[in-house]
Amino acid sequence: MSPVQSHLPAIRFENVTVAYDRRPALHHLSGAFEPGSLTAIAGPNGAGKSTLLKALMGELRPAEGVIDRGGLSVGDLGYLPQAAEIDRQFPLSVADTVMLGAWQQIGAFGGATREVAHRARQALSAVGLNGFERRHIGALSTGQFQRVLFARLLLQDAKVIILDEPFTAIDARTTRDLLALVHGWHGDGRTVIAVLHDFDQVRAHFPSTLLLAREPIAWGPTESALSAVNQLRARAMAENWDENAEPCERGQRGAA
């Protein structure tokens, strides 16, 4: 067991339902992300994958059930939202963006120390962006910006890494390089959770998978979780979902 993993708790979901305007986007989820696990969250569009991450990050409160982070605070979680949720027109340089990963150390209004600035340069080097420190984030390509966000996570040095569609709309080389960082985090014993759409990518790189269709279909070893039967069930549930059903009705249907 690695030093990081030995100090990590499991993150547990106990019958969790998350709703928007009382209409569940994620229903009756129970299970755990074990310490040091590398897990993909997969499923059809609208399956509740991003909703799960937002609930885990405390951005959404469960309508039912409990999320037990095992004593970890939200600040212990390194979170990368979908790229579409990030405003790249905000006047920030690459270096400033990366150093946001150290906000817990320097405070919201504190200045970066030389040590933090040095670590930021190291993080940019690790993602292949030497010399990009002064560029404006709005001038970067999609792949370059994603590398910057991974550098920010490197600087944060979080115990748990949470990624929402981290490889969408980026080139193959960038995907390969960022997947190497994901495996590095996993090798360090950190817990890594990622929403992904590419099932081939999931099978190749993620040993555990949670398959969702607003309700959990399977949670376990990837090959069994992504079986043909489970994928068919997920598609059928997504296609037949009743948007007007009440939470309790969905729970009864899911248990049938």
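Okay, here's what the table says:
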read-out: Angle in degrees between helix 114-126 and the longest Cα principal axis of the chain, rounded to the nearest 10; value: 60 degrees
read-out: Highest-fluctuation residue, 233, 119, 173 considered, GNM on the chain with Cα pairs under 10 Å; value: 173
read-out: Between segment 204-223 and segment 1-56, the alpha-carbon center distance in angstrom; value: 11 Å
read-out: Theoretical gain in end-to-end length, residue 224 to residue 59 [0.36 nm per residue, Cα-Cα removed]; value: 56.3 nm
read-out: Cα-projected label distance for residue 204 with residue 22, points at 7 Å along beta-carbon direction, nm; value: 4.7 nm
read-out: Most mobile listed residue (183, 118, 27) in the chain, GNM with C-alpha springs under 10 Å; value: 118
read-out: Mean shadow area of the chain over all directions, Cα convex hull, nm²; value: 14.2 nm²
read-out: Point-to-point label distance, residue 7-residue 240, nm (Cα→Cβ direction, 7 Å offset); value: 4.9 nm
read-out: Residue with peak Gaussian network fluctuation, the chain [Cα springs, cutoff 10 Å], from 90, 199, 145; value: 90
read-out: Taking segment 176-235 and dividing mean pair separation by its residue count, relative contact order in percent (alpha carbons under 8 Å, at least six apart); value: 21 percent
read-out: Average Cα contact separation per residue, segment 2-42, under 8 Å, 6 or more apart, as relative contact order %; value: 40 percent
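FYI, it's all coordinate maths here, none of it is from the lab. Here the structure is a predicted model, which is why all the values come from computation and not from measurement. In this analysis, Cβ positions are derived from the backbone assuming ideal geometry, glycine residues included, and neighbour counts consider all displayed protein chains.
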